[in-house]
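Visitor: Got a structure for you, written out below as structure tokens; questions coming shortly.
Taken together, the values in this text are just the output of simple stated rules run on the coordinates, not laboratory data. Computed from a predicted structure; not experimentally measured. All Cβ positions, even for glycine, are placed from backbone atoms using ideal geometry, and neighbour counts span all protein chains on display.
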Amino acid sequence: MRAEALAARLRRIPGHPRPGVTFVDIMPLVGDGEAFAAAIAALDAVVADLSFDLVVAPEARGFLVGAPLAVRRGVGFVPVRKAGKLPGQTVGAAYALEYGEDRVEMHRDAVAPGRRVLVVDDLLATGGTVGAAIDLVRALGGEVVAAAFLVELIELGARAGRLNGCEVRAVIRTTEAGDGESGGAR
């Protein structure tokens, strides 16, 4: 299934979570078994030239694409959760929201120094959560080889902003309105 066909399965919800924002929802895509499998295969294809030991992904939708990609590649999976959700010792990073701040955490022993890590999420919008995940990996001594996304909202400019110089790969590059380009964009 081509990236354009995957993009056609995205649902856009105007005014969510607030007026002026259009939420790009991947749930219709993951709800279709054939499209979901094709999306994970396409995500794997955009990172096929990369070597990594772990996939790190933020909750919750990042888990939907990160965990199957880790299984497909035969590497470990590390969850990044909202503060207070993980048991044991954690390391955390704060990131800015439009109206405040939030914090994510991962286990302190999840990424050993020198491990090569691919950070994965469903959608790149402003880059705050993924930027914080990248910071966590680096704080533990891991090497972030790239950040990969099923969808990148190109008009928000996160690629040049909050991702701390990290290489970005995306299956679908689009706008909130649905225009854009598809097909393994780097």
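Visitor: FRET efficiency for Glu59 and Arg2, Cβ-Cβ distance as r, R0 = 41 Å, nearest 0.05?
Guide: 0.90
Visitor: Turning to a different aspect of this structure: Quick one: Leu43, Leu153, fewest Cβ neighbours within 10 Å first, how do they rank?
Guide: Taking fewest neighbouring Cβ atoms as first place, the list is Leu153, Leu43.
Visitor: First obtain the Kirkwood hydrodynamic radius of the chain from its Cα pairs, then insert it into the Stokes-Einstein equation at 25 °C and 0.890 mPa s, and state the resulting D in µm² per second as a whole number.
Guide: Values: Rh = 16.4 Å.
So the translational diffusion coefficient is about 149 µm²/s.
Visitor: For n ≥ 4 DSSP H runs only, could you compute -39500 (n - 2.57) per run for the chain, divide by its residues and tell me the 222 nm figure to the nearest 500?
Guide: So the helix-based figure for the chain works out to -7500 deg cm²/dmol.
Visitor: Further question: For the stretch 97-147, what is the charge dipole size about the Cα centre, in debye to the nearest 20, if Lys and Arg each add +1 at the Cβ and Asp and Glu each add -1 at the Cβ?
Guide: 320
Visitor: Here is a follow-up. Are there any helices in the chain, counted as whole DSSP H runs, that stretch 18 Å or more along their axis by Cα and score at least 0.0 on average by Kyte-Doolittle, and if so which?
Guide: Working: long enough: 33-46 (20 Å, 1.46); 61-73 (19 Å, 0.50).
Once both thresholds are applied, what remains is 33-46, 61-73.
Visitor: Still on this model: Around Met1, with a cut-off of 13 angstrom between Cβ atoms, what is the net charge of the other residues, counting Lys and Arg +1 and Asp and Glu -1?
Guide: Combined, the nearby Lys, Arg, Asp and Glu give -1.
Visitor: May I pose another question? Please name whichever of Ala60, Gly165, Val111 sits farthest to the positive end of the charge dipole of the stretch 3-185, dipole taken about the Cα centre and charges placed at Cβ: Lys and Arg +1, Asp and Glu -1.
Guide: Val111
Visitor: Any chance you could run the full-extension gain for Ala67 through Phe23? It's 0.36 nm times the residue separation minus the Cα-Cα distance, nm to one decimal.
Guide: Gain on stretching Ala67 to Phe23: 13.5 nm.
Visitor: Under 13 Å from the Cβ of Pro79, count the other residues' Cβ atoms, weight Lys and Arg +1, Asp and Glu -1, and hand me the total.
Guide: +1
Visitor: Separate question: At most 16 other Cβ atoms within 10 Å plus a DSSP loop assignment makes a site exposed; report the longest stretch of the chain without any exposed GluC sites (Glu not before Pro).
Guide: With a cap of 16 other Cβ atoms within 10 Å, the longest stretch comes to 99-166.
Visitor: What does the charge count around Arg116 come to, taking other residues whose C-beta lies under 9 Å from its C-beta (Lys +1, Arg +1, Asp -1, Glu -1)?
Guide: Details: positive: Arg115; negative: Asp53, Glu143.
For residues surrounding Arg116, the net value is -1.
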